[in-house]
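To start, the structure itself, in structure tokens.
Derivation of every value follows stated rules applied to the coordinates shown; laboratory data play no part. Since the model is a prediction, treat every value here as computed from it, not as a measurement. Reconstructed Cβ throughout: ideal geometry from the backbone, glycine too, with neighbour counts over all protein chains shown.
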Amino acid sequence: MATGAANHAVPCVAGRSKRRNQQRSPASLSVRASSDANTVTLLDYGAGNVRSVRNAIRHLGFNIRDVRSPEDILTADRLVFPGVGAFGSAMDVLNRTGMADALREYIRRDRPFLGICLGLQLLFDSSEENGPVSGLGVIPGVVRRFDSSEGLIVPHIGWNALQITKDTQLLQGANGYHVYFVHSYHALPSDDNRDWISSTCNYGQSFISSVSMGNIQAVQFHPEKSGATGLSIFEKFLSPNSSGTKAPPRRKASKLAKRVIACLDVRSNDNGDLVVTKGDQYDVRDHSSSKEVRNLGKPVELASQYYIDGADEVSFLNITGFRAFPLGDLPMLEVLRCASEKVFVPLTVGGGIRDFTDASGRYYSSLEVASEYFRSGADKISIGSDAVFAAEAYLQTGVKTGKSSLEQISRVYGNQAVVVSIDPRRVYVKSPDEVQFKTVKVSSKGPLGEEYAWYQCTVSGGRDSRPIGAYELAQAVEELGAGEILLNCIDCDGQGCGFDIDLIKMVSDAVTIPVIASSGAGAVEHFSEVFEKTNASAALAAGIFHRKEVPILAVKEHLVDDGVEVRMQ
Ligand code: 1PR
């Protein structure tokens, strides 16, 4: 399914940059792009979503000329190649269309080239991904999967620190800065490719985070999602004379940072306006006489502010998406489109991702719903209720049908693009024998002195409880293709008393994919506690940020003081 080509949304006015406003008349735009200093050629072979790359290029003031044929590659002045999807299918498309040969020739001529993510990996001899599969063969070496057998969390998702090994204009000043990665495969340094390597990163072992030779550059990370650091790297490629030199980082950075995520629960209020709301244990209505849905602000404005404030990611949860057809929710799609033009860190969106038949009888697969979210600017989608049903079916039958939304979406977009959001409620028991689900010995006893609890999953925003525990669900969805878990806790949501450490430890020890701890943050100390006591990769909060009780920067400074590595801008 073509997923990346139809990104023609009307740009949000506030997302335009200075250079856009100096652009030429429509007549001059039809001149061959290769002679236009403000135009960059983009190789989007239609296997995934490159909207974020397009947004970053436009934000930096450049026009985009799409590659339609191998000749467009050869006539490019500057070529950006953001590889998406699996290595093998990308090479199939490139070989079939003649673009592989054109790319090799373009690179042989030493023309300005920037490969991103898979766009770096494809330069190598081959990859183990569903293979071995031959690559473009420009750089000696094999692309391998990160090894999770010793407990390494795979995919490698998040902000890792660049260790610059070669002086290049592209990465000038970026040494020690965190940039955003999301991948399961990586290229390893060797004697044969040493001359190419311009930076490495540390994750389990040292892997190649960028290569550079003459005018050929490629990065494993996503400059378009790496905040101000990434945009400045991107700009140095697009406009080689831009200075963009950064001061050395204020703090030593050497590994994958723990992430701090701002979450926006979004729904329509009683007037039909889409607002950011926030519940207490998932109840989002005011307890005054009005009983209105709490309105804490406008989604795009808040998301943009959190980006500026240093959020490592922003999540939108369409909390009533389970009720209606999400593609009918055009304001939500517009929110995504506008946010993605201003927010240059990853955006996740969830709510209502499932198969759906509308009033006229037309059937939409969950994959179509997810594709629309991706096209509108999401980097990851998050599945709640539907993942619970898929996990229950899988645990009952032991069969992966391949038909669940989770399986379909992760097969097409990769598991790193699929988050499963879990909404569990604590159920106290006297003894683990009372239930068939995994229990924990709780830190604080239950109301009747119970020493144990299990965490019962719910669907439809906590309205219906299901016969499955959070532990069992987490393991099942990992097997079905989830790349990350967003672990909420209804008991703690909005309470400000800290994360549910018992739950988060249990789940983060049970899976090898990243776990985002959510619900209950009320003070900076709660963030250090969750990172010290559990294996969580990220911590998410909503209420304290919306109510401006604790700034994101204060959270990060506290974490740094406590010895937790985080991204500082
Ligand atoms: O089931 O696929 O349609 O997805 C629905 C999504 O909406 C799920 O991710 C579910 O968690 C979310 N959701 C549904 N109802 C609510 C509600 O609040 N009534 N919000 C809801 C869940 C929980 C967190 C919250 C943290 C942090 N929100 O994301 O942001 O608990 O809050 P805090 O820091 O203020 O404590 P589907």
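Numbers at a glance
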read-out: Whether the chain is rounded, prolate or oblate, judged on the alpha carbon gyration tensor where a/c under 1.5 counts as rounded; value: prolate
read-out: Overall dimensions of region 122-233 by Cα: Rg and Dmax, Å; value: 13.5, 38
read-out: Hits among aspartates and glutamates - C-alpha to C-alpha of residue 298 under 13 Å, sequence gap 8 or more where chains match; value: 265, 273, 334
read-out: Student exercise, the chain dipole from Lys, Arg, Asp, Glu Cβ charges, in Debye to nearest 20; value: 1620
read-out: Rg [Å, one decimal], Dmax [Å, integer] - region 159-316, C-alpha atoms; value: 20.7, 72
read-out: Potential extension, residue 495-residue 436 segment - 0.36 nm per residue separation minus Cα distance; value: 18.3 nm
read-out: Pairs beyond 20 Å (Cα-Cα), from 445/556; 166/236; 278/445; value: 445/556; 278/445
read-out: Per-selection Rg to Rh, region 39-238 - Cα, Kirkwood hydrodynamic radius; value: 0.93
read-out: Alpha carbon centroid spacing (whole Å) that separates region 502-569 from region 387-431; value: 24
read-out: Rounded to 5, percent antiparallel among DSSP beta bridges of the chain; value: 45
read-out: Within straight-line cross-link reach of residue 505, lysines at Cα separation under 16 Å, skipping those fewer than 8 residues along the same chain; value: 258, 438, 441, 533
